[in-house]
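Enquirer: The structure follows.
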Amino acid sequence: MPNPTRAKDWVSHKLFWMRTGFKDPYSQEDQNTFAQCDAMCSGPEHVPAPTTQAQPSFCSLPVFHNPQPPDSAPGGGYVSHDGHVFLCKNPITLQQAFHVLFVVDISSSMSNRDRLPLPNTPGSELISRRHFNNRLGSVFSSLYRFWIARQAAYGAGNPLARRDAYSVIMFDRAPITCTENDFTSSPEQLLESVLQFRTGRGTNFGAAIDYARHCMERNWSSERSPVMIFLSDGECRIEEAAMQDLCRRAVVLG
Ligand SMILES: [Zn+2]
Ligand SMILES: [Zn+2]
């Protein structure tokens, strides 16, 4: 190829042969294939298995099409995060979904300023402005980044696509619900809801775990495995029985 470092124009198969002035030597079937976008669905059902051939699913639009908006999906199909349109099932809906329970320690020690939200990360400016320049602020900052990362995985601008449920429980000497079994809030709305809280007195891990277990049981769904994320600076102890109880209930419920 001449000048390998120089950027090249991409042209379609059809335009290439039109420019040469020769008749396209390829069959009509090949010509049709070459006129289509070559983006492929990454779904696991298209990968060849030991007994079956690969069944690739290509984008249904012409080659070099503009990225399509997320809401233009055809019936039964989907639009990928980079704007290709597929007629097969969105691989993300085939993935495991979770009920993620965040259990956040807001005891007075969380107002220590030895740990701060990382500067120049999403939300850190807002979190600091709202007087969370402390351990709790760094927890909120990591929660926010977790929510953003999950949203990006589902495709931005498509909040209805979130299949994971979120619950946020705050606790000091007693636990309280911030958000329960939520499917629709954006990362910004979730961050705003946690910023309403202030650090309080006392720490009771046992009560918090018990409370979180009830939240898990109330919202149990066979479609979503529970995941509990416990965020604390660790200045308390927990009875082993409370943890065993939690795990046993999860096993009983399936
Ligand atoms: Zn597919
Ligand atoms: Zn495409």
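The values are calculated or read from the model by the stated rules, or taken from the named source; none is laboratory data. Just so we're clear, the structure is a prediction, and the values are computed from it rather than from any experiment. With ideal geometry, Cβ positions are generated from the backbone for all residues, glycine too; neighbour counts draw on all protein chains shown. Note: accessible area is taken over every heavy atom of the protein model, side chains too, but ligands, DNA and RNA are not part of it. Shrake-Rupley method; radii C 1.70, N 1.55, O 1.52, S 1.80 Å.
Enquirer: Just to check your reading of the model, which residue among Ser80, Ser124, Ser111 is surrounded by 16 or more Cβ atoms within 10 Å (Cβ to Cβ) and within 16 Å of ligand 1 (Cβ to nearest atom)?
Expert: When all the criteria are applied, what remains is Ser80.
Enquirer: I'd like the full set of residues that are within 18 Å of His84 (Cβ to Cβ), assigned to a helix (DSSP H, G or I), out of contact with any Ser or Thr (no Cβ under 6 Å at 6 or more places or on another chain) and not polar (S, T, N, Q), limited to the range 1-50.
Expert: Within the range 1-50, Phe34, Pro44, Glu45 meet the criteria.
Enquirer: Could you identify the single residue in Ile176, Ile169 that is open to solvent by 60 Å² or more (accessible area, probe 1.4 Å), touching a strand residue (DSSP E or B) at 6+ places or on another chain (Cβ under 9 Å), part of a strand (DSSP E or B) and β-branched (Val, Ile, Thr)?
Expert: Just a single option satisfies the conditions, and that option is Ile176.
Enquirer: A further question on this structure: Kindly indicate the residue of the range 83-108 that is open to solvent by 60 Å² or more (accessible area, probe 1.4 Å) and assigned to a loop (DSSP other than H, G, I, E, B) and also nearest to ligand 1 (Cβ to nearest atom) among those meeting that condition.
Expert: Per the stated criteria, the residue is Lys89.
Enquirer: Can you tell me which condition His131 does not meet? The list is (1) open to solvent by less than 50 Å² (accessible area, probe 1.4 Å); (2) out of contact with any Ser or Thr (no Cβ under 8 Å at 6 or more places or on another chain), and all the others hold.
Expert: Here His131 clears every test but (1).
Enquirer: Just to be sure I understand, how many residues within the range 218-254 are in a helix (DSSP H, G or I) and open to solvent by less than 50 Å² (accessible area, probe 1.4 Å)?
Expert: 3
Enquirer: If you don't mind, another one. Could you list, ordered by first residue, the pairs with Cβ atoms under 7 Å in which the first is in the range 26-55 and under 17 Å from Cys88 (Cα atoms) and open to solvent by less than 90 Å² (accessible area, probe 1.4 Å) and the second is away from ligand 2 (no atom under 15 Å from the Cβ) and among the hydroxyl-bearing types (Ser, Thr, Tyr), at least 6 apart or interchain?
Expert: none
Enquirer: Name the single residue that is farthest from the chain's Cα centre (by Cα) among those in the range 78-95 being at pLDDT below 90 and of a type in the set (A, V, I, L, M).
Expert: Per the criteria, the residue is Val79.
Enquirer: Do we have Gln68 as within 13 Å of ligand 2 (Cβ to nearest atom), part of a loop (DSSP other than H, G, I, E, B) and in the same structural domain as Leu15 (by TED's automatic domain parsing) here?
Expert: In short, yes.
Enquirer: Output the residues belonging to the range 11-52 that are within 30 Å of Tyr154 (Cβ to Cβ) and either away from ligand 2 (no atom under 16 Å from the Cβ) or outside the structural domain of Val79 (by TED's automatic domain parsing) (or both).
Expert: Pro44, Glu45, Val47, Pro48, Ala49, Thr52
Enquirer: Please tell me if Cys88 is in contact (Cβ under 8 Å) with a residue 12 or more places away in the chain and within 12 Å of ligand 2 (Cβ to nearest atom).
Expert: No: the conditions fail for Cys88.
Enquirer: Are any of the residues in the range 187-197 out of contact with any strand residue (DSSP E or B) (no Cβ under 7 Å at 6 or more places or on another chain), surrounded by fewer than 21 Cβ atoms within 10 Å (Cβ to Cβ) and more than 30 Å from Ile92 (Cα to Cα)?
Expert: Yes: one or more hits.
Enquirer: Would the range 2-16 turn up any residue that is open to solvent by less than 100 Å² (accessible area, probe 1.4 Å) and within 16 Å of ligand 1 (Cβ to nearest atom)?
Expert: Checking the range 2-16: not a single residue is open to solvent by less than 100 Å² (accessible area, probe 1.4 Å) and within 16 Å of ligand 1 (Cβ to nearest atom).
Enquirer: Another question about this same structure. Please determine whether any residue of the range 163-177 is closer than 25 Å to Pro69 by Cβ and modelled with pLDDT under 95.
Expert: yes
Enquirer: Then there is this: When the range 48-77 is examined, which residues are found to be among the hydrophobic types (A, V, I, L, M, F, W, C), at pLDDT 85 or above and within 16 Å of ligand 1 (Cβ to nearest atom)?
Expert: Phe58, Cys59, Leu61
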